[in-house]
Amino acid sequence: MSSRVLVTGGAGFLGSHLCEALIARGDRVVCADNLSTGRRVNVEHLLGARGFELLVTDVSQEIPVQGALDGVIHMASPASPPDYLRMPLETLAVGSSGTLNAAALAHRHGARFVLASTSEVYGDPIVHPQPESYWGNVNPIGPRSVYDESKRFAEALSMAWHRTHHLDVGIARIFNTYGPRMRKGDGRVVSNFVVQALSGEPLSVYGDGSQTRSLCYVDDMVRGLLMLLDASLLGPFNLGNPEEVTVIELARRVQAATGAVADIRFEPLPEDDPTRRCPDISSARSQLGFDPQVSIDEGLSRTIAYFASELGVEEAASNGGTGL
Ligand code: UDP
């Protein structure tokens with residue numbers, strides 16, 4: 001039987017892929033988004049689809065959904081560092097009031113509640129790779145705390161709803177995810193490098209580029225989130241691809257994949273930038289059956305094809321040209 005699922009932040013990069021996957025499998029979707037970092041264009045192709053509704057609303061204020069719900073997936077939040085640094089109070093509001101509103105709505109409907117948490121709950125981790133049992137190393141007053149602490153609070157709130165009201169909660173700690181529909185100016189490493197390489201600009205490596213990230217292609221992440229929605233497991237579960245790369249290595253791979261002539265430009269490392277990040281996904285593997293399939297090279301090539309078409313440039317890698 002088809003379910004009706006609310007996706008807050010459903011017009012964002014990851015949220016829109018999730019809405020698409022839910023519709024594709026026959027579920028009905030209410031996509032709630034205030035379009036602050038999400039974009040209508042991300043879900044425009046779904047507007048005519050049966051069972052899809054777009055609700056432009058700020059979920060920190062209210063979520064005026066009519067009708068029954070079987071699931072609520074709370075994705076709404078700025079997620080890119082430049083975005084949450086630009087909108088610190090909104091980020092704290094959506095992690096606190098937004099999570100409260102979304103959880104209360106799920107409770108009223110007897111719906112499952114999936115929280116999109118983050119690897120940032122581990123801060124600049126001392127334990128590596130990070131298992132869910134690690135409590136993290138977060139600077140509570142640093143610039144990134146608006147995101148880290150808001151998601152930590154959202155986890156605490158979800159757990160309190162679960163313990164107090166038996167809300168059917170599932171917590172996903174989402175590690176760096178990339179792919180088509182990232183905003184070209186959103187400031188994250190993959191979108192920045194790919195757009196720079198395709199535009200013939202030097203790739204902006206922050207610090208010396210020795211910091212690591214583990215990058216998950218969006219389709220794999222969506223599969224993981226659906227597995228968690230469909231399970232009745234609490235978690236938290238790390239979701240991500242444990243293939244770890246240094247930022248400088250990533251820059252070299254983007255250069256190679258685009259055939260970029262542009263060089264690398266070193267820029268200052270942002271404050272509190274985590275030194276290393278890699279998910280231990282053994283819990284998600286054994287309990288959800290989560291197993292990322294898309295390698296970084298394959299994912300990068302799909303992402304490059306997307307940005308090349310967005311920017312209207314020819315793909316160098318496919319024709320041996322320069323990408324300019
Ligand atoms: N980064 C970089 N150049 C950029 C953007 C990001 O070197 O143009 C680095 C950033 O300092 C961090 C990593 O890439 O170490 C990932 O940054 P991103 O903003 O994508 O996500 P984060 O994991 O920091 O939330």
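The table that follows gives values for the structure above.
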| quantity | calculated |
| --- | --- |
| Residues located in the range 145-197, provided they are within 16 Å of the ligand (Cβ to nearest atom), farther than 18 Å from L18 by Cβ and of a type in the set (S, T, N, Q) | S145, S150, S191, N192, Q196 |
| Count - residues of the range 215-233 that are within 16 Å of the ligand (Cβ to nearest atom) and over 13 Å from the mean Cα position of the chain (by Cα) | 0 |
| Tally of residues being in contact with a Leu (Cβ under 9 Å, 6 or more places away or on another chain), polar (S, T, N, Q) and either farther than 17 Å from N176 by Cα or within 13 Å of the ligand (Cβ to nearest atom) (or both) across the range 234-271 | 2 |
| The range 41-59 - residue that is over 22 Å from the mean Cα position of the chain (by Cα) and surrounded by 12 or more Cβ atoms within 10 Å (Cβ to Cβ) and, of those, farthest from A102 (Cα to Cα) | A49 |
| Enumerated strands (runs of 3 or more DSSP E) restricted to the range 1-112, each holding at least 1 residues that are of a type in the set (S, T, N, Q) | 4-8 |
| Residue in the range 198-214 that is nearest to L311 (Cα to Cα), counting only those that are more than 9 Å from the ligand (Cβ to nearest atom) and touching a strand residue (DSSP E or B) at 6+ places or on another chain (Cβ under 8 Å) | P202 |
| Residue within the range 153-162 that is in a loop (DSSP other than H, G, I, E, B) and either touching a strand residue (DSSP E or B) at 6+ places or on another chain (Cβ under 9 Å) or among the aromatic types (F, W, Y) (or both) present | no |
| Residues being surrounded by fewer than 21 Cβ atoms within 10 Å (Cβ to Cβ), more than 15 Å from the ligand (Cβ to nearest atom) and within 13 Å of S119 (Cβ to Cβ) - total across the range 272-284 | 1 |
| Test: residue in the range 176-196 that is in contact with a Cys (Cβ under 7 Å, 6 or more places away or on another chain) and not small (G, A, S) | yes |
| Those residues of the range 239-274 which are part of a loop (DSSP other than H, G, I, E, B) and β-branched (V, I, T), in sequence order | V261 |
| Hits in the range 177-200 (condition: in contact with a helix residue (DSSP H, G or I) (Cβ under 7 Å, 6 or more places away or on another chain), part of a loop (DSSP other than H, G, I, E, B) and within 20 Å of G123 (Cα to Cα)) | G187 |
| Test for L14: is it buried (at least 20 other Cβ atoms within 10 Å of the Cβ) and farther than 23 Å from N176 by Cβ | no |
| Selection from the range 134-159 of residues that are among the β-branched types (V, I, T) and in contact with a Gly (Cβ under 6 Å, 6 or more places away or on another chain) | V138 |
| Pairs, first more than 11 Å from the ligand (Cβ to nearest atom) and charged (D, E, K, R) in the range 114-133, second modelled with pLDDT of 95 or more and in a helix (DSSP H, G or I), C-beta under 8 Å, six or more apart | E132/S283 |
| Check on G179, at positive phi, within 14 Å of the chain's Cα centre (by Cα) and surrounded by 15 or more Cβ atoms within 10 Å (Cβ to Cβ) | yes |
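Yes/no per residue for (1) aliphatic (A, V, I, L, M); (2) over 22 Å from H162 (Cβ atoms); (3) away from the ligand (no atom under 16 Å from the Cβ); (4) in contact with a Gly (Cβ under 6 Å, 6 or more places away or on another chain):
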{"position": "T8", "(1), (2), (3), (4)": "no, no, yes, no"}
{"position": "A11", "(1), (2), (3), (4)": "yes, yes, yes, yes"}
{"position": "R28", "(1), (2), (3), (4)": "no, yes, yes, yes"}
{"position": "A79", "(1), (2), (3), (4)": "yes, yes, no, no"}
{"position": "M87", "(1), (2), (3), (4)": "yes, yes, no, no"}
{"position": "H109", "(1), (2), (3), (4)": "no, no, yes, no"}
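The values are calculated or read from the model by the stated rules, or taken from the named source; none is laboratory data. Not measured: the values here are computed from a predicted model. Glycine gets a Cβ as well: all are built from the backbone with ideal geometry, and neighbour counts include every protein chain shown.
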